[in-house]
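Following: one structure in structure tokens, then a few remarks.
The values are calculated or read from the model by the stated rules, or taken from the named source; none is laboratory data. None of these values were measured; they are calculated from a predicted model. Reconstructed Cβ throughout: ideal geometry from the backbone, glycine too, with neighbour counts over all protein chains shown. SASA here: full protein model, heavy atoms, side chains in, ligands and nucleic acids out. Shrake-Rupley method; radii C 1.70, N 1.55, O 1.52, S 1.80 Å.
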Amino acid sequence: MFKFLGKLSDIVASLAVAAIVIITILAVFMRWLLNDPLMWSEEVLIICYIWLVMIGAASAAGKRMHVSIDAITSLFPEKVQLAIAVITHIMAIIALSIFGYLGYELSIIAEDKITPIIGVSYYYIDLSVPIGASIMVLFSIQHLLEDMSKLIKGDKPCQ
């Protein structure tokens, strides 16, 4: 399941990046060369950016690529590093669960709000928050289980 989520989040984030690049090039071409701007491009780009941020963050979380400052923790023995990682994963699961819940509440509140040009409900835009947070929670659970297993077995921590 985690491999599937990892590949799916990679694909969605890649599609969002591709859409951003293509729409930006097209919008510049239409505006400056044909003098006929694309009125919808800004709204679509904003939607793509929002989804890219949330799904891209989930993709990075799945690969343990989020920025961390380990200057202090790297000074500790490996078992202590693993214990700190386990605590960090638990804190991330709690924080991301709250973030996802609040994002869902936001999407419900924004259901009646519609984008002015393309007419998309903000529900679908704001839904990126609980979806991205849920994927990050699942990856955090995966990493928690892996690190707990390593802590019990005495293996080296994942970097």
_Helix 78-109 vs. the chain, principal-axis angle (Cα, 0 to 90°, nearest 10)_ = 30
*Just the number, please: carbon plus sulfur as a percent of the accessible area of the chain, 1.4 Å probe, no ligands or DNA/RNA counted.*
73
*Any idea how far apart Val67 and Ile152 come out in nm if each label point goes 7 Å out from Cα toward Cβ?*
3.5
*Using Cα centres only, tell me the gap between segment 34-89 and segment 111-152 in whole Å.*
12
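Pairs of Cα atoms under 8 Å, at least six residues apart: use those to get the relative contact order of segment 1-158, whole percent.
Numbers: 171 pairs, mean separation 43.7, N = 158.
Reported relative contact order: 28 percent.
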*State, to one decimal in nm, how far the label point of Leu15 lies from the label point of Glu43, with both points 7 Å from Cα in the Cβ direction.*
2.0
_Contour minus Cα-Cα distance for Val28 and Tyr123 (0.36 nm per residue)_ = 31.3 nm
*asked:* Can you tally the lysine pairs in the chain where the Cα-Cα distance is under 25 Å and the two residues are eight or more apart, or on different chains?
replied: 13
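Based on DSSP H runs of at least 4 residues, each adding -39500 (n - 2.57), what is the mean residue ellipticity at 222 nm of the chain after dividing by all its residues, to the nearest 500 deg cm²/dmol? It would help to have the intermediate numbers written out before the result.
Details: 5 runs with 112 residues, N = 159.
Theoretical 222 nm ellipticity from helices: -24500 deg cm²/dmol.
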_How tilted is helix 2-28 with respect to the longest principal axis of the chain? Cα atoms for both, answer in degrees (0 to 90, nearest 10)._
30
*asked:* Could you check the spin-label model distance between Ile98 and Phe4? Points 7 Å from the Cα along Cα→Cβ, value in nm.
replied: 3.2
